[in-house]
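First the structure, in the form of structure tokens, and then the observations on it.
The values are calculated or read from the model by the stated rules, or taken from the named source; none is laboratory data. Remember, predicted model here, so these are calculated numbers, not experimental data. Note that each Cβ is placed from the backbone with ideal geometry, even for glycine, and that neighbours are counted across all protein chains shown.
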Amino acid sequence: MNLFKQIKIFILVILLNFTFLNKISAQDDQTLEVLENLKKDIKTLEKAVYSESSSFNSSNSKSLSSNDEDVLTRHLLKLSEIEKQFQDLTNKFEEINFKIDKLSSRLSKVQADNQLRFQSLESESGKENIVSSKKKTPLPGSSQPQDLGAVSYKSSETANVIQQTQSVDSTNIVVTEKFTSEEKILPNLAPDKQYEFATSFLKQGDYSTAERALREFVMTNPEHNMAGSAQYWYAETFRIRQLYTDAASAYLEGYQKYPKSEKAAINLLKLGVSLVQIGEKDQGCLMITGVQKEYPKAKQSVLQKAKYEEKKFECKKQKS
């Protein structure tokens with residue numbers, strides 16, 4: 001009876017091992033072949049065990065036949081072999097798991113390191129963008145033409161860039177330039193509509209096109225009541241782009257040709273400022289201090305700005 005119990009225990013162990021092996025190495029051809037052989041042997045063993053169970057129940061003193069003992073011995077040897085193979089598979093499985101865990105930890109470290117590097121690069125690029133944005137000086141100007149006081153002179157000043165061209169030696173000399181254009185910009189409309197069309201480029205911030213359109217208007221309509229204003233805005237296109245010598249020439253031309261225009265007072269003031277900016281401080285101060293004398297009825301904003309520029313540039317008042 002003890003032998004019968006041992007055989008049942010071995011069968012149970014075999015079934016458990018078979019289940020575990022089936023889960024771990026279901027795709028291993030060699031293991032599948034061993035399992036198939038094992039199934040056949042188990043069936044043979046079960047037949048032998050159950051055929052002899054009645055004899056064990058009827059007589060406990062009887063022992064197994066020699067044939068059954070040989071079968072049992074053979075199966076015990078196969079069980080030992082299967083247990084060894086199972087142990088080897090278990091060791092390989094644990095080794096593979098260990099390698100996978102090791103690779104996973106390395107991958108996590110690499111990902112964390114890359115993330116830190118990306119964050120460092122992003123922070124450095126953000127700092128560079130902030131520094132570059134602080135260094136950029138926005139061009140003066142707005143969505144529409146503005147009078148004196150609306151556009152700051154300080155925003156258009158520069159200490160490093162001075163246009164090296166001829167200076168204006170005297171207010172009696174007007175420096176003119178030839179306006180050449182491959183095609184006309186202004187539409188074939190009334191002068192008022194042409195003026196609105198030309199100044200619209202200032203609102204858009206297209207100062208290069210505005211320069212051409214305003215110059216074309218002045219040359220096409222030199223006697224129009226808006227010619228003086230067009231000449232002033234023409235000069236403004238240069239000042240906004242920090243072309244101070246060209247701006248001084250254009251302001252001077254407007255001062256000589258249109259001394260009674262609506263923009264005459266502010267035109268004279270900006271002429272003086274432009275002369276100071278290109279290095280002609282004496283002549284520039286002469287223009288700045290002469291604004292109140294020549295245009296006493298000008299807008300208060302223009303007169304106040306003239307006093308401010310006179311103090312800023314430390315102009316000495318000219319004795320009358």
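Checking the structure you have, find out if any residue of region 286-293 is closer than 22 Å to ALA247 by Cβ and charged (D, E, K, R). So far as region 286-293 goes, no, none of its residues is closer than 22 Å to ALA247 by Cβ and charged (D, E, K, R). Filtered by the rule that a residue be more than 17 Å from LEU35 (Cβ to Cβ) and of a type in the set (Asp, Glu), region 83-116 gives GLU94, GLU95, ASP101, ASP113. Residue by residue through region 299-313, note down the ones that are surrounded by fewer than 19 Cβ atoms within 10 Å (Cβ to Cβ) and closer than 20 Å to GLY228 by Cβ. Matches in region 299-313: LYS299, SER301, LEU303.
Conditions (1) touching an Asp or Glu at 6+ places or on another chain (Cβ under 7 Å); (2) of a type in the set (A, V, I, L, M); (3) exposed (fewer than 12 other Cβ atoms within 10 Å of the Cβ); (4) at pLDDT below 80, marked per residue:
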site	(1), (2), (3), (4)
ALA26	no, yes, yes, yes
LEU32	no, yes, no, yes
ASP41	no, no, no, yes
ASP70	no, no, yes, yes
HIS75	yes, no, no, yes
ASP88	no, no, yes, no
GLU94	no, no, yes, no
PHE98	no, no, yes, no
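State yes or no: is SER261 within 20 Å of LEU303 (Cα to Cα) and among the hydroxyl-bearing types (Ser, Thr, Tyr)? Yes, satisfied.
For CYS315, the conditions (1) modelled with pLDDT of 95 or more; (2) in contact with a Ser or Thr (Cβ under 7 Å, 6 or more places away or on another chain) are fulfilled apart from (1).
Criterion applied to LEU268, LEU286 was being modelled with pLDDT of 95 or more, touching a helix residue (DSSP H, G or I) at 6+ places or on another chain (Cβ under 8 Å) and of a type in the set (A, V, I, L, M, F, W, C), and the one residue passing it is LEU268.
Quick check on this structure: which one of LEU268, LEU275 is buried (at least 21 other Cβ atoms within 10 Å of the Cβ) and in contact (Cβ under 8 Å) with a residue 60 or more places away in the chain? Going through LEU268, LEU275 in turn, the sole match is LEU275.
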